[in-house]
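Presented below is the structure to which this report refers.
The values are calculated or read from the model by the stated rules, or taken from the named source; none is laboratory data. Here the structure is a predicted model, which is why all the values come from computation and not from measurement. As a convention, Cβ positions derive from the backbone with ideal geometry for all residues, glycine included, and neighbour counts pool all protein chains shown.
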Ligand code: PEP
Ligand code: MG
């Protein structure tokens, strides 16, 4: 873990004109928690729970998971933690699970589809999260790769069932976590209003969103040139998703790599994004970037970018380095 930067101020991050921006941490492993603390993260916007599963030879038990998750909760001392449920399949495969090979794993039984298919594994994880969150103020459970409201309801029902079990068993747990979802599939964009009526919060996973929006494998070097976060359709879709979330007063964050890209941050603030979840190592640079921007200038800039109709036109605007402190 690189610890090059000085400890960061614990206070909130604000734009030049005083708008609060929540800087949250993406965490894969417990070893990254101290850095998130030193960097002054306002909480964990994405805890990728699959990493403890990936480094083991077999599925961790509910108790083993509980112990890991409890450390995450305790280390954040009252700050919010978003637990993303198991996001395996695709490029993150478990050697010990589901040995069947798929011709097209990125479109296969991955992520929420895997956990809905293996309900016992899903329940063990959700129970471990709920138990670890006992006594914490703001725990949140988030489902990855949701493609329909129906998926979301099925996944939420698992949480409801686990809560019933834990109550019946008299086990200590958190009884009303926030339940949210990732926006990673283009199918979500057109149904955002319906999702916003059901989900407590959203997190946009641009790594996958760009992959699926543009039909480009995010880890295939041969098509890397086609993987363009600055594609006009990506920018416009992000704008719509954020707008609907704001209209429905549902918190929305962005937790893909785009969130720490300093050329994209003015656009993100300009379309109304106020929560960025990033790897802790990027926090000092992102904080510096934000404190030099005004929301008015970002809004005007975002408007310009949204009007650009080609990748090259977007790039031309991005390369101009405008003064966004006005
Ligand atoms: C994403 O898809 O942007 C995301 C944050 O999830 P992951 O990178 O773990 O797929
Ligand atoms: Mg993803």
Would you check if residue 46 is within 16 Å of ligand 2 (Cβ to nearest atom), out of contact with any strand residue (DSSP E or B) (no Cβ under 8 Å at 6 or more places or on another chain) and under 19 Å from residue 183 (Cβ atoms)? no
Show the residue pairs meeting these rules: Cβ distance below 6 Å; 6+ apart or different chains; first residue within the range 193-213 and within 19 Å of residue 276 (Cβ to Cβ); second residue within 15 Å of ligand 1 (Cβ to nearest atom) and in a helix (DSSP H, G or I). 206/258; 207/257; 210/234
Could you list, in sequence order, the residues of the range 43-60 that are at pLDDT 95 or above and part of a loop (DSSP other than H, G, I, E, B)? 43, 49
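State all residues of the range 70-89 that are within 18 Å of residue 144 (Cα to Cα) and out of contact with any strand residue (DSSP E or B) (no Cβ under 7 Å at 6 or more places or on another chain); if no residue qualifies, say none. First the steps, then the outcome.
Kept after step one, since they are within 18 Å of residue 144 (Cα to Cα), are these residues of the range 70-89: 81-89.
86, 88, 89, listed by residue number.
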Among residues belonging to the range 218-262 that are outside any helix (DSSP H, G or I), modelled with pLDDT of 95 or more and over 17 Å from the mean Cα position of the chain (by Cα), point out the one that is surrounded by the most Cβ atoms within 10 Å (Cβ to Cβ). 230
Filtered residues of the range 178-205 (kept if farther than 27 Å from residue 66 by Cβ, more than 16 Å from ligand 1 (Cβ to nearest atom) and crowded, with 22+ Cβ neighbours inside 10 Å): 192, 195
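I need the full set of residues from the range 123-177 which are at positive phi and away from ligand 1 (no atom under 16 Å from the Cβ), in order please.
Of the range 123-177, the ones at positive phi are 135, 145, 170.
Matches in the range 123-177: 135, 170.
In the range 64-95, which residue that is within 13 Å of ligand 2 (Cβ to nearest atom) and touching a residue at least 24 places away in the same chain (Cβ under 8 Å) is farthest from residue 119 (Cα to Cα)?
Going through the qualifying residues, I end up with 91.
Would you be able to say whether some residue in the range 52-61 is in contact with a strand residue (DSSP E or B) (Cβ under 7 Å, 6 or more places away or on another chain) and closer than 26 Å to residue 183 by Cα? Let's see the steps before the verdict.
So in the range 52-61, the residues in contact with a strand residue (DSSP E or B) (Cβ under 7 Å, 6 or more places away or on another chain) come out as 54.
Still in the running and closer than 26 Å to residue 183 by Cα: 54.
Yes, the range 52-61 has at least one match.
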